[in-house]
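Take a look at the structure below.
The values are calculated or read from the model by the stated rules, or taken from the named source; none is laboratory data. Predicted model only: the values in this text are computed from it and were never measured. Virtual Cβ from ideal backbone geometry, glycine too; neighbours counted across all protein chains shown.
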Amino acid sequence: MLHTRRRVPLALATTVAALLGAALVILPGAPSRPAAAAPAVFAHPGVLVSRAQLDFVRDRVNANAQPWRQAYDQMTASRYASLSRVAKPRAVVECGSYSNPNYGCTDEREDAIAAYTTALAWYITRDSRYAQQAIRLMDAWSAVITDHTNSNAPLQTAWAGSTWPRAAEIIKHTYPGGWPNAGRFATMLRNVYLPEVINGNTTSNGNWDLSMMEAVIGIAVHLEDRTAYDRAVSRFRNRMRAYFYLSTDGAVPYGPGGGIDTPSEIIGYWQGQSTFVDGLSQETCRDFTHTGYGISAATHIAETSRIQGQDLYPEFTDRLRHALGFHAKYQLGAAVPSWLCGGGLHLGLGPITEVGFNALNFRLGIGMTNTQTLTLNQRPAGTNNLFTAWETLTHAANPN
């Protein structure tokens with residue numbers, strides 16, 4: 001029988017969280033977890049890719065080894081690697097639901113991806129033209145943008161805010177030619193991006209919260225902001241248990257809070273799905289594309305934490321491996337049972353498996369047959385044109 005968990009009174013939970021400097025929502029019934037602990041000394045570059053990872057990629061590409069060379073060629077053939085690209089910054093980026101209206105939304109996301117792309121190209125080739133292009137793109141936006149508005153502002157800020165720090169970390173910490181406006185860019189991250197995402201979003205679909213926390217943790221690393229880092233990790237821990245189900249959670253998944261707590265509320269939040277199995281996501285029955293956003297952001301956060309010496313992967317190994325395997329199975333064409341989303345799924349997971357597969361299978365040695373098949377089938381993984389890009393290049397069989 002479905003049951004309601006005993007809940008910590010919200011006022012008490014909020015007070016305790018505030019005293020600890022943690023991120024707000026405490027899931028009812030959730031077990032106690034280690035306190036968030038930002039590194040005493042931040043590793044740079046340290047957002048999604050480390051220097052050791054970049055060195056591995058550079059060696060593999062220069063040796064014409066596969067799949068890295070093919071992935072590199074795919075990246076440099078893309079529009080994002082163009083040295084003639086001209087940024088299109090706006091003071092106010094306005095994004096409605098599904099980017100309608102779209103006033104600067106696509107331009108901002110894609111200029112951020114282009115900055116990251118050319119930063120990667122700089123590191124691999126040591127061609128300073130790529131570094132200078134990344135700097136031009138970042139400088140153009142940091143000189144102009146002041147705000148994000150309309151209903152999709154938090155998600156838009158999260159997507160761009162996840163990508164900008166990756167580029168900035170590589171350029172600031174590896175390019176010897178200098179970046180005079182690095183401080184202005186950091187101010188942009190602190191004043192324009194961080195306030196929009198740091199408190200997360202409790203009741204929207206979970207990919208929002210995970211993407212927002214990815215942005216927070218990346219910005220926190222770049223700014224060396226230990227408080228923001230800890231808040232992101234604390235909120236990430238809560239959201240992971242409210243987004244990916246394990247049978248050990250009980251009869252129903254954990255709710256995210258914010259008035260979504262009872263079994264009926266949680267089932268409604270999970271798109272009406274009332275049968276729960278390991279790996280199911282809160283958005284599985286919505287569509288695989290948005291679920292893929294959530295998986296991608298979750299693995300990016302875990303990867304950055306590992307680079308920073310915290311390593312959240314062990315804490316969430318089962319949730320991530322089951323989530324990847326469950327969705328890979330159906331993305332590969334397995335028959336959909338009648339109990340799952342009414343017997344119909346909207347596929348389209350996207351190029352989002354490389355980071356998690358590398359962490360869990362290659363580094364930790366966990367067997368992941370379906371995820372492996374899908375990952376190999378999709379190589380070289382390109383970009384979703386939002387916040388995920390070139391992860392075969394950066395994370396395929398990367399031991400670092």
* Structure fact -> Per the filter on region 358-400, residues under 21 Å from PHE316 (Cβ atoms) and charged (D, E, K, R) are ARG363, GLU391
* Can you confirm whether region 272-286 contains a residue that is closer than 16 Å to ARG321 by Cα and not in a loop (DSSP other than H, G, I, E, B)? => yes
* Which numbered condition LYS329 fails, given (1) closer than 30 Å to ASN400 by Cβ; (2) within 20 Å of the chain's Cα centre (by Cα) -> (2)
* Asked: From the list GLY272, GLY257, GLY292, GLY279, which residue is touching a residue at least 12 places away in the same chain (Cβ under 8 Å) and under 17 Å from THR202 (Cβ atoms)?
  -> GLY257
* Asked: Only one residue in ARG33, ARG79 is farther than 20 Å from ASN238 by Cα, modelled with pLDDT of 50 or more, surrounded by fewer than 19 Cβ atoms within 10 Å (Cβ to Cβ) and not acidic (Asp, Glu), so which one is that?
  -> ARG79
* Boolean, GLU169 is part of a helix (DSSP H, G or I), surrounded by 18 or more Cβ atoms within 10 Å (Cβ to Cβ) and touching a Pro at 6+ places or on another chain (Cβ under 6 Å) -> yes
* To do: Could you tell me which residue of region 263-283 is nearest to SER338 (Cα to Cα), considering only residues that are surrounded by 17 or more Cβ atoms within 10 Å (Cβ to Cβ) and among the polar types (S, T, N, Q)?
  => GLN273
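Residue by residue, here is whether (1) in a loop (DSSP other than H, G, I, E, B); (2) surrounded by fewer than 21 Cβ atoms within 10 Å (Cβ to Cβ) holds:
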{"site": "THR187", "(1), (2)": "no, yes"}
{"site": "TYR193", "(1), (2)": "no, no"}
{"site": "GLU196", "(1), (2)": "no, yes"}
{"site": "SER204", "(1), (2)": "yes, yes"}
{"site": "TRP208", "(1), (2)": "no, no"}
{"site": "SER211", "(1), (2)": "no, no"}
{"site": "VAL221", "(1), (2)": "no, no"}
{"site": "GLY255", "(1), (2)": "yes, no"}
* Asked: Of the residues VAL8, VAL16, which single one is at pLDDT below 95 and assigned to a helix (DSSP H, G or I)?
  -> VAL16
* Asked: For region 303-351, which residues satisfy the criterion of being hydroxyl-bearing (Ser, Thr, Tyr), touching a residue at least 60 places away in the same chain (Cβ under 8 Å) and surrounded by fewer than 18 Cβ atoms within 10 Å (Cβ to Cβ)?
  -> none
* Matching option when the condition is farther than 29 Å from ARG79 by Cβ, surrounded by 20 or more Cβ atoms within 10 Å (Cβ to Cβ), of a type outside the set (S, T, N, Q) and touching a helix residue (DSSP H, G or I) at 6+ places or on another chain (Cβ under 6 Å), among ALA381, ALA359 -> ALA359
* To do: Give me a count of the residues in region 54-88 that are outside any helix (DSSP H, G or I) and either in contact (Cβ under 8 Å) with a residue 60 or more places away in the chain or under 16 Å from TYR116 (Cβ atoms) (or both).
  => 6
